[in-house]
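Single-structure report; data block below.
The values are calculated or read from the model by the stated rules, or taken from the named source; none is laboratory data. Since the model is a prediction, treat every value here as computed from it, not as a measurement. Backbone-built Cβ (ideal geometry, glycine too); neighbour counts: all protein chains shown.
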Amino acid sequence: MQKIFKNISLPHLNVSEHAVMIFMAIIVGVLGGYGAIAFRLFIRFSQSAFFGTGGTSFLDHVMALPWYAKLIPPVIGGLLVGPIVYFFAREARGPGVSETIEAVAMRGGLIRKRVFLVKILTSAISIGSGGSAGREGPIVQIGSAIGSLFGQITRVSADRMRTLVGCGAAAGIAATFNAPIAGVMFAMEIIIGNYGIATFSPIIISSVTATVISRIHLGDYPAFLVPHYNLVSPLELPFYMLLGIVAGVVGVLFTTLLYKTEDLFDMIKIPEYTKAAVGGLMVGTIGIFLPYIYGVGYDTISLALWGNLAWYMLIILVFVKIIATSLTIGSGGSGGIFAPSLFIGAMAGGAFGHFIHQLFPAITASSGAYCLVGMGAVLAATTHGPIHAILIIFEMTGNYKIIVPLMLSCIIGYVIASHINRESIFTLKLVRRGVDIKAGRDANIMKSLLVKGAMTREVSTVSENMHLNKLLKHTFSSKHSSFPVVGHDGLLSGIVTFQDFKEVVFEEGLGDLIVVKDISIPNVITITENESLDEALKKIGLKNIEQLPVVDENNPRKIVGILSRRDIFSAYNKALIDRSLTTGLGEKGPKKGRL
């Protein structure tokens, strides 16, 4: 495989760089599309195995079952999932999106090969047995694992690996929701973490390819069939703004309770791999009375969109779904939070819309319109991704006429949620483990830049025999506040800063008596040309200094340049721009056996 890609790549032509990456993106899109289809088939098989099959919808079928047939499946599902996750791939626990984000930001997109199969198996069992979770988070991790696996097989560079992981995530979302645009935006907004121009092309190609695969096998229709709701009156917009506020609060409540539940299960002194069964028992108990919460919940969402649920049931289901999802995921089950967020948003929006329409029937739409907007607003609040939330609701429903209130509520929901908690439901999991993703992405850039590309080779040095008066004049005429000190042999002997002599500079008669050697610091923190800017920044931060002398690797006293804080940040900003405007495909052509 590697030899094939070496033959395809033509490093002397920039177009070949794009051609190779586009070719890879198509392959990942195909694999991601079929991965999504396979995952959905596994879920259907799992549902049939746990609950049996019926001629009606899954919800109608489960409602007709006796109580024990509702209680037992989630327990068995937990008994199966817990050990598989614990012993084979612990990163398959929960939605998996957090682990994908961490892999991109901190490990160059490297995901263990086994995650692909373990995630399909455990999530299909969790969801199929009645666990309250979504299939979208798992398919993101599955698609990303496919992209990473393909990148490992073809031995691509770290930059390309990250792009391929984004391609896999976009392919998974696009195939699952029949939403190619939302797939692209999710990958850029959540997984990659930026909108670099260079990564757009391959991610778009993967998303479109996966969508085509999905439509061939699953059909071309929206995930939800809903009435074409309209904005009845401009006077209705303040109500949608208020809905955005409600959605923001609900999203934070969901995020908070999810991790509180996880903490609670961590405190329970039983084997880790048995906790998912305990969570399954609790979910099954709820399901006896309210089977609406089982699985992804799309049937229940459809009922709310068409206004077929009573207002009190909508309110109940908001809180019960939050509890059920927190129990499923917090106990160690495998599944996503996309569908639960959509479910919770639909119920909250539907209940809100019912009361608003009762109070102002002439200027407001029915509860279904608010249900639709609430889905996007809560999703934006939990994921902190308003753009992909807007697009995913639009593409899932095909309803453009509600786009204005949808945009308004999603942005407000996101603003409210991010104001209360700066971390999303995905990044909070990482922060709790001590992983700072934002710093990680910055560090990736810093580690890729070398000192020799940022340093200044013209060094303003001072002699160790220079008198204080001359040093003062030199300081006033220079833009620097610290200077390397050299001996009579021209080699580094120390460093002097304004802070070192500011107290004696105004002492009368000392200017001609004190020399630089008397006030300089002999132990100098230095750096070499081939060290990274990340390492340089650590050294600067260690003593809170402004610049570092750059010395020869073979002679630590020979100065070859100077590196300041300003130099580091200028190089960093330039690298950000370059990654957005140039190819951004990693190395230019194969190097050391890597694409």
Q: Output the number of residues of the range 63-107 satisfying the condition of being of a type outside the set (A, V, I, L, M), assigned to a loop (DSSP other than H, G, I, E, B) and surrounded by fewer than 20 Cβ atoms within 10 Å (Cβ to Cβ).
A: 2
Q. What about residue 482, is it at pLDDT below 85, under 44 Å from the mean Cα position of the chain (by Cα), of a type in the set (Gly, Ala, Ser) and assigned by TED's automatic domain parsing to the domain that holds residue 575?
A. yes
**Q.** the range 538-549, residues that are assigned to a strand (DSSP E or B) and touching a Lys or Arg at 6+ places or on another chain (Cβ under 8 Å)
**A.** 547, 548
(Q) Among the residues of the range 135-142, are any in a helix (DSSP H, G or I), charged (D, E, K, R) and either crowded, with 19+ Cβ neighbours inside 10 Å or outside the structural domain of residue 285 (by TED's automatic domain parsing) (or both)? (A) yes
Q.
Just to verify a result, which residue in the range 550-570, among those that are part of a strand (DSSP E or B) and modelled with pLDDT of 85 or more, is nearest to the chain's Cα centre (by Cα)?
A. 563
Q) If you check 188, 282, which single one turns out to be under 25 Å from residue 423 (Cβ atoms) and crowded, with 17+ Cβ neighbours inside 10 Å? A) 188
Q: Answer yes or no: is there a residue in the range 34-42 that is crowded, with 23+ Cβ neighbours inside 10 Å and more than 25 Å from residue 284 (Cα to Cα).
A: yes
(Q) What's the number of the only condition in (1) in a loop (DSSP other than H, G, I, E, B); (2) at pLDDT 90 or above that residue 44 fails to meet? (A) (1)
Q | the range 208-265 - residue that is among the small types (Gly, Ala, Ser) and not in a helix (DSSP H, G or I) and, of those, farthest from residue 378 (Cα to Cα) | A | 219
Q: Scan (1) more than 27 Å from residue 264 (Cβ to Cβ); (2) of a type outside the set (A, V, I, L, M, F, W, C); (3) under 26 Å from the mean Cα position of the chain (by Cα) for the single condition residue 335 breaks and write down its number.
A: (1)
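Residue by residue, here is whether (1) acidic (Asp, Glu); (2) out of contact with any strand residue (DSSP E or B) (no Cβ under 7 Å at 6 or more places or on another chain); (3) surrounded by 21 or more Cβ atoms within 10 Å (Cβ to Cβ); (4) within 22 Å of residue 144 (Cα to Cα) holds:
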position	(1), (2), (3), (4)
203	no, yes, yes, yes
211	no, yes, yes, yes
214	no, yes, yes, yes
217	no, yes, no, yes
220	yes, yes, no, no
228	no, yes, no, no
231	no, yes, no, no
235	no, yes, no, no
245	no, yes, no, no
Q) Which one is surrounded by the most Cβ atoms within 10 Å (Cβ to Cβ), of the residues in the range 335-352 that are among the aliphatic types (A, V, I, L, M) and part of a helix (DSSP H, G or I)? A) 346
Q: Go through (1) exposed (fewer than 15 other Cβ atoms within 10 Å of the Cβ); (2) in contact (Cβ under 8 Å) with a residue 40 or more places away in the chain; (3) outside the structural domain of residue 167 (by TED's automatic domain parsing) one by one and return the number of the condition residue 259 breaks.
A: (1)
Q. Residue check: is residue 186 at pLDDT 95 or above and either part of a helix (DSSP H, G or I) or of a type in the set (S, T, N, Q) (or both)?
A. no
(Q) Residue under question is residue 529, and the condition is that it be surrounded by 11 or more Cβ atoms within 10 Å (Cβ to Cβ), acidic (Asp, Glu) and modelled with pLDDT of 85 or more; does it hold? (A) yes
Q | Count of residues meeting criterion [free of Cβ contacts under 8 Å to residues at least 24 places away in the same chain and not in a helix (DSSP H, G or I)] in the range 291-334 | A | 2
Q. Can you name every residue in the range 512-537 that is touching a residue at least 60 places away in the same chain (Cβ under 8 Å) and part of a loop (DSSP other than H, G, I, E, B)?
A. 529, 530, 531
